[in-house]
Structure formats: structure tokens, C-alpha cells
Amino acid sequence: MNFSDTEIVLGVMSRYGYNETTDLRDSDVILLNTCSIRDNAERKIYSRLDELKFEKRRNPNLIIGILGCMAERLRKDLLEEKKMVDIIVGPDEYRKVPELIDNLAETGEKGIAVKLSRVETYDDITPLRRDGVSAWLSVMRGCDKFCTFCVVPFTRGRERSRSLAGVVNEAVQLAEQGVKDIWLLGQNVNSYNHDGKDFADLLHTVASELPQVRIRYTTSHPYDLSMKLLETMASHDNICKYIHLPLQSGSDRILKLMNRLYTVKQYMEVMKTARSMMPDIGLSTDIISCFPGETEDDHKMTLDAIREVRYDGAYTFLYSPRENTKAFSMDWSFSEEVRKRRLDEIISLQREISFDINKSLIGKLKTILVESRSKKSDDQFIGRTDCNKSVIIPGSFVSDSSRHKVSAGDIVDAEIRKANSATLFGDIRSVRDSITN
Ligand code: 5AD
Ligand code: SF4
């Protein structure tokens, strides 16, 4: 969401004639787009601000802005304690960034805009994207779920959706620009609702309009991942068979304390149905370890749930207390030893499962959309399978005794030759014209 928001801000700024620079010393304005989801995300911004102090000393006219969730949560602290911050803009006020900069230049007044909106979706703003094969497309904003650990409903406000036509138009434009892979984004995409159209309707329309583009989405909430959505996924070849479905905990007692609105059994039913409809589906999740009151038994239930689903991957976090949330006042005391051990156990179990699943793909042929040159080696490329696995492939291959060079945007069939828990390595067998058969 933050990457996507940054592209929206770049879109707003470019309308006013601002250009992005890659050289820090060349910039007149530096905007940090921030996240408040966990304490370490906020600490990163504070240390980045410390680094920027030197830049500000070197160039006193430099304007420094804080955007996003931290602006919402910590505006007072940022204004009073971090004197170098000139503008503070929350997630629903990005349109104001250029005006606030102008005003600062004219009057010397610091700018602050942190109102949350019930309607802002930036539907008419064209995000400024870097050229690429993949693009994010934000379809809804905010969240009404109020999980007791989560700061998002406070920093990003209430749920609201863009118009279906607005999303489809932007998707079509992206395809015309050569984008081959679109991620529909929302804090909670299942809650998409515009003029009676739900997320399954939106997904169906985008996928039907653009049959040659891969369509993915994130993130879903298990409580309202509908049968209609699964059927829509199963019935379109270009909708990627991949679901990221945060479980958070394998204990019903903890799920209740988290206000997650489902039981482990209900969650497993959704996963089972998804797998029965789409056998090769890729599944991933988010897990929070050491939520207030989590016992050793609760932790073991989380490990059991991970074993039961056998996820392709998981993002695992230690619980981070967030002010204003309900869980903030719950008793929370774990020794460093327990925190480290529980997190390690989850991570190593998941790594083992990911490795097993990836190893089982050796020898199989997978269709890969090539995304970019590999960061590690110039003569290799990295691409993704439809179920969201990263695959490293060579930069060229020989067929019919001629050598073909790979480039970003190619669609190739590759035989998986090697695997570790995070990445597959493949040999290209053929180049395809189309993502679907
Ligand atoms: N502490 C730790 N992890 C959190 N998440 C959200 N809030 C917190 C918190 N306070 C995690 C959840 C969510 C993901 C985006 O971040 O797992 O799904
Ligand atoms: Fe946060 Fe829960 Fe909303 Fe996800 S569903 S953004 S975890 S409140």
C-alpha cells in the first residue's frame, strides 16, 4: 500500500511540475512515506530523519516532509521534537502536498494536513509508476475491521472503494503501457463495494477486459473471503492462483482476543475449499507471535495450523504494542528468550515446509513472467510463477540452434532444476506468446 501511495504522491507532485531525482543532494524536497504498523517501522523513520539532519544543515532551504501513517499518529511529536520536519501529511491528504510546500516557501509556515476522509480514493489521480512489468493498482482504502492489535483503522481511516469503471480504466491504461501483471490492492480487498459491485465483480471485470494480463490481489480477510471470489479466481486463467490470507494465530482463544471474527476451523474450511477448487494454488499468511496472553499451548496451536495448511510462505511478526489499539491495554509480558524462541520456531517450521514444497517442484515445467534482471547476477533474470514463486532463469537460451535473449516482460516455460526455501531456479524450455494457454 505504501509503495502504491508513493506513486500516487508522485502523480500529484508531477502535475505541479515536480520531478523525481535519484540524487539526494540534488533535491529541494524530501518526502518520507511512513508506516506505523510496528514499532520498528517507525524507528527506521526516526533514524532516517537523523541522517537527514546533515542534509538540512548543508541546505537550510531543503524541505522535509513526513507522509502516511506516522503523520497521522505522531504529528505532535514530529512537529515539536523533530524541528527539521516542515510538512506532515496523512494518507488522505496527499493532494495538499504541493500547496503546503508553496505555502511554506511563501510564509515560512509549517504545513500540516492529517484529516482522515470517508470518501478520498484518489480515483482521478494517475499514479506515477516506474516502467515495469508489474503494477500496483489501489482499489480501496482504509479498514473497518478493528483487529485489536492493529493501528491501520486509526491511521488510514474508514473503508471506501474506488469506482469499478475507474479501476478498469486504469487497468486498461496500464496494459496499453505494456504492464503484464496487475496487483489489485486494498487493506482488505474483500470489503470492496461500489454501487453494489463487490470484489469478485471487480476481479471478474478486470480479468475479462484484460485476458492477456495477469491479475492478482492482496490482502484478503478470512472472515469475508467468499465462495463467489474463489469461483471467480477458478474460472479465469489469467487470475493468479495465489491467496495471501493472514491467519495471525492458530488458537481460537487468541483469535477472539484479536477480534479476528473467525475460528481456526472456519479458516481451514476456506483453505480446503480453495485447494479443492484450485489444486496448485499458492498460499501464504501473516502470523503474529507473542500476542498478549499467548500461552505455550496457543503457540503450539499456531505451529499445528502452519503444519495443517502447509503454506508456501509466511510473514512472521512479533507482536508490537500500538497506542490507541484495544490490545495496548492488555497485559503483555514475555521474556526476550520466549519471544525469540517462539518466533524462531515458527520461522524454521515455515522454512522447512517452503523448502519441501519447492523441492517437490524440481523437474516440473512452470510458466514464468520475467520481471527484471536478477540483482545478484547480470546474466540472470528473475520472474514469477502464477502462484507467486520467484524463479531465477538464465539471461539467454538456445532453441532450434539459435540463441534467444531474455528480457523483462517475456513469458517463458522453464523446467525447475533447483530450489531453496525462498527461490526456484529454472532452465528455459520455450518462449510463449501468451500468459494463458
Ligand atoms: N504487531 C505485530 N504485527 C502486526 N501486524 C499488524 N499489526 C501488528 C502489530 N501491532 C501484522 C499483521 C498484519 C500484517 C500486515 O502486519 O500480521 O496482517
Ligand atoms: Fe489491520 Fe485487521 Fe484491518 Fe488488517 S483487517 S488492516 S490487521 S485492522
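Filter segment 373-401 for residues that are open to solvent by 50 Å² or more (accessible area, probe 1.4 Å) and in a strand (DSSP E or B) and give the result. Walk me through it before giving the result.
Of all residues in segment 373-401, those open to solvent by 50 Å² or more (accessible area, probe 1.4 Å) come to 373, 375-376, 378-380, 384, 398, 400-401.
The answer is ARG373, GLN380, ARG384, VAL398.
Restricting attention to segment 321-337, which residues are surrounded by 14 or more Cβ atoms within 10 Å (Cβ to Cβ) and part of a helix (DSSP H, G or I)?
Listed by number, the residues that qualify are LYS326, ALA327, PHE328.
Look at THR155 and say whether it is crowded, with 20+ Cβ neighbours inside 10 Å, closer than 17 Å to MET70 by Cα and within 18 Å of the chain's Cα centre (by Cα). Spell out how you get there, then give the answer.
On the way: crowded, with 20+ Cβ neighbours inside 10 Å: yes; closer than 17 Å to MET70 by Cα: yes; within 18 Å of the chain's Cα centre (by Cα): yes.
Yes; evaluated as a whole, the condition is true for this residue.
Of (1) among the aliphatic types (A, V, I, L, M); (2) under 30 Å from TYR223 (Cβ atoms); (3) under 21 Å from the mean Cα position of the chain (by Cα), LEU128 satisfies all except one. Which?
(2)
For ASP5, are the conditions met, namely being within 20 Å of ARG73 (Cβ to Cβ), in contact with a Ser or Thr (Cβ under 9 Å, 6 or more places away or on another chain) and open to solvent by 50 Å² or more (accessible area, probe 1.4 Å)? Spell out how you get there, then give the answer.
Details: within 20 Å of ARG73 (Cβ to Cβ): yes; in contact with a Ser or Thr (Cβ under 9 Å, 6 or more places away or on another chain): yes; open to solvent by 50 Å² or more (accessible area, probe 1.4 Å): no.
When the stated conditions are applied, ASP5 does not pass them.
Do any helices (runs of 4 or more DSSP H) lying entirely in segment 29-106 carry at least 3 residues that are over 24 Å from GLU120 (Cα atoms) and among the basic types (Lys, Arg), and which ones are they?
39-58
What about THR22, is it of a type in the set (Val, Ile, Thr) and assigned to a helix (DSSP H, G or I)? Walk me through how you get there before you give the answer.
Working: of a type in the set (Val, Ile, Thr): yes; assigned to a helix (DSSP H, G or I): no.
Judged against the criteria, THR22 is not a match.
Applying the selection to segment 230-246, what residues are in contact with a Cys (Cβ under 9 Å, 6 or more places away or on another chain) and closer than 10 Å to HIS204 by Cα?
MET233, the sole residue that qualifies.
Restricting attention to segment 253-273, which residues are under 16 Å from PHE149 (Cα atoms) and either buried (at least 22 other Cβ atoms within 10 Å of the Cβ) or touching a helix residue (DSSP H, G or I) at 6+ places or on another chain (Cβ under 6 Å) (or both)?
We begin by selecting, within segment 253-273, every residue under 16 Å from PHE149 (Cα atoms); these are 253-262.
Within segment 253-273, ILE254, LEU255, ARG260, LEU261, TYR262 meet the criteria.
Name the single residue, out of those in segment 282-293 being open to solvent by less than 10 Å² (accessible area, probe 1.4 Å) and not in a strand (DSSP E or B), that is nearest to ligand 2 (Cβ to nearest atom).
Step by step, filter segment 282-293, then rank; the result is PHE291.
Name, by its number, the condition in (1) open to solvent by 40 Å² or more (accessible area, probe 1.4 Å); (2) closer than 26 Å to ARG118 by Cα that does not hold for SER220.
Single failed check for SER220: (1).
So which residues in segment 189-217 are among the hydroxyl-bearing types (Ser, Thr, Tyr) and surrounded by fewer than 23 Cβ atoms within 10 Å (Cβ to Cβ)?
Of the residues in segment 189-217, the ones among the hydroxyl-bearing types (Ser, Thr, Tyr) are 191-192, 205, 208, 217.
Scanning segment 189-217 gives SER191, THR205, SER208.
Which of the following residues is in contact with a strand residue (DSSP E or B) (Cβ under 9 Å, 6 or more places away or on another chain) and small (Gly, Ala, Ser): SER249, SER276? Break it down stepwise before answering.
Numbers: SER276 fails: in contact with a strand residue (DSSP E or B) (Cβ under 9 Å, 6 or more places away or on another chain).
On inspection, the qualifying residue turns out to be SER249.
Select from segment 68-111 the residues that are farther than 27 Å from SER161 by Cα, among the charged types (D, E, K, R) and buried (at least 18 other Cβ atoms within 10 Å of the Cβ) and list them in ascending order.
Within segment 68-111, the first condition is being farther than 27 Å from SER161 by Cα, and the residues that meet it are 76-87, 101-111.
From what's left, among the charged types (D, E, K, R): 76-77, 80-83, 86, 102, 106, 109-110.
Correct list: LYS82, ASP86.
Yes or no, residue by residue, for (1) open to solvent by less than 40 Å² (accessible area, probe 1.4 Å); (2) within 20 Å of MET140 (Cα to Cα); (3) away from ligand 1 (no atom under 16 Å from the Cβ):
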residue	(1), (2), (3)
VAL167	yes, yes, yes
GLN187	no, yes, no
ASP237	no, no, yes
PRO246	yes, yes, no
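Output the residue which, of all residues in segment 295-320 that are open to solvent by 40 Å² or more (accessible area, probe 1.4 Å) and within 16 Å of ligand 2 (Cβ to nearest atom), is nearest to ILE281 (Cα to Cα). Walk me through it before giving the result.
Residues of segment 295-320 that are open to solvent by 40 Å² or more (accessible area, probe 1.4 Å), as a first pass: 295-297, 300-301, 304, 307-308, 310, 315, 317-318.
Then keep just the ones that are within 16 Å of ligand 2 (Cβ to nearest atom); that gives 315, 317-318.
Working: TYR315: 18, PHE317: 24, LEU318: 27 Å.
Of everything passing the filter in segment 295-320, TYR315 is nearest to ILE281 (Cα to Cα).
Could you say which residue among ILE347, ILE362, ILE357 is open to solvent by 70 Å² or more (accessible area, probe 1.4 Å) and among the hydrophobic types (A, V, I, L, M, F, W, C)?
On the way: ILE347 fails: open to solvent by 70 Å² or more (accessible area, probe 1.4 Å); ILE357 fails: open to solvent by 70 Å² or more (accessible area, probe 1.4 Å).
Sole residue among the options that is open to solvent by 70 Å² or more (accessible area, probe 1.4 Å) and among the hydrophobic types (A, V, I, L, M, F, W, C): ILE362.
Can you tell me which of LEU303, LEU361, LEU349 is in contact (Cβ under 8 Å) with a residue 60 or more places away in the chain and farther than 21 Å from ILE37 by Cα?
One residue alone meets the criteria, LEU361.
The values are calculated or read from the model by the stated rules, or taken from the named source; none is laboratory data. Quick caveat: nothing in here was measured; it's all calculated off a predicted structure. For neighbour counting, all protein chains shown are included, and Cβ atoms are generated from backbone atoms with ideal geometry for every residue, glycine included. Side chains are part of the model used for accessible areas, which takes the heavy atoms of the whole protein and leaves out ligands, DNA and RNA. Shrake-Rupley method; radii C 1.70, N 1.55, O 1.52, S 1.80 Å.
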